[in-house]
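Reading through the structure tokens given below for one structure.
The values are calculated or read from the model by the stated rules, or taken from the named source; none is laboratory data. Values in this document were obtained by computation on a predicted structure and should not be read as measured data. Counting neighbours? That spans all protein chains shown, and the Cβs are built from the backbone with ideal geometry, glycine included. With ligands, DNA and RNA removed, areas are computed over all heavy atoms of the protein, side chains included. Shrake-Rupley method; radii C 1.70, N 1.55, O 1.52, S 1.80 Å.
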Amino acid sequence: MRGWITPPPCTPRKTPAEFQRERQAKVRLLEAQGLLRSPRIKAALLKVRREDFIPREYRDYAYEEVPLPLPGAAATISCPHGYPLFYEPLGLDCRHRFLEVGTGSGYGAAVAREVVGRDGRVVSIEIDSLTHDFARRNLERAGYGDVLLVLGDGGLGYPPAAPYDRIAVTAACPIIPGPLTAQLVPGGRLIAPLIEEDRQILTVLTKTPQGMHRNAVCDVLYVALQGAYGTEAAATCHSHRT
Ligand code: SAH
């Protein structure tokens, strides 16, 4: 069985200065590991206070490499290294129109907002209303009220703000949802954990005139995508076929 261990809830004790030291140390480590290269992504990770996107009882673990539970049925904030892991191969950069599927804590959207800059745009979709409300409060308090948050099925994308230069799906998908590739610009890129048997393979897809070009990055472990393109929908389709 594959999974992760959640550390025990505790009363937060760390000071802002301690969190800042941990954030700086984490960024140095991610660079040393070769996971972080882009100066814009580095600046974003140094600026956004990850601890502000974590429920109080897990806040002291903000810079530990473990996903932490969030309000909602199946939401977690991904491990710190998960953000450069997605945004580096995605080539997220200034002026991009970026769509995130799975808002979770709102932290990934805040980091992306810093990376795309004033002339870019961030749209993020969350299917769970409790999680969506949690992310909205976090983003507003942290000064990212201009991220467009949508409550709904991210597998369907968000046509009113399409097309997108970059899309990140932060939940594991049995297939890449067609509406998402349709809402990418030509040359645009999408990254998602793709389920293949008992593995999840983080995959980058680039939209070319010949179709979607695929590149595998590494194995990962994310919560399952829900909705029309989710794992349960795929299982239902499968059982209808058999
Ligand atoms: N990017 C987040 C982590 C997301 S965890 C962060 O930075 O904190 C995955 C999230 O995807 C969960 O919140 C889950 O509720 C959400 N999710 C699952 N299926 C979804 C769907 N079809 N549309 C939108 N959100 C979905």
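Using only side-chain charges placed at the Cβ, +1 for Lys and Arg and -1 for Asp and Glu, the dipole size of the chain relative to its Cα centre rounds to 700 debye.
Got the relative contact order for the chain handy, in percent, Cα pairs under 8 Å and 6 or more residues apart?
On the way: 475 pairs, mean separation 34.3, N = 242.
After rounding, I find 14 percent.
Rounding to the nearest 10 and keeping the result within 0 to 90°, find how far the Cα-based axis of helix 231-241 lies from the longest principal axis of the chain. Tilt of helix 231-241: around 20 degrees.
The orientation-averaged shadow of the Cα convex hull for the chain, equal to a quarter of the hull surface, comes to 13.4 nm². Measuring r between the beta carbons of residue 213 and residue 94 and using R0 = 25 Å, the FRET efficiency lands at 0.60.
Looking at the chain as a GNM with Cα springs under 10 Å, which of 161, 112, 62 has the largest mean-square fluctuation? Evaluated over the chain, the most mobile residue of the options is 161. The relative contact order of region 102-242 comes to 18 percent, based on Cα pairs under 8 Å that sit 6 or more residues apart. Rolling a 1.4 Å probe across the protein heavy atoms gives the chain an accessible surface of 48 Å² per residue. Surface composition of the chain: carbon and sulfur atoms hold 52% of the protein heavy-atom accessible area at a 1.4 Å probe.
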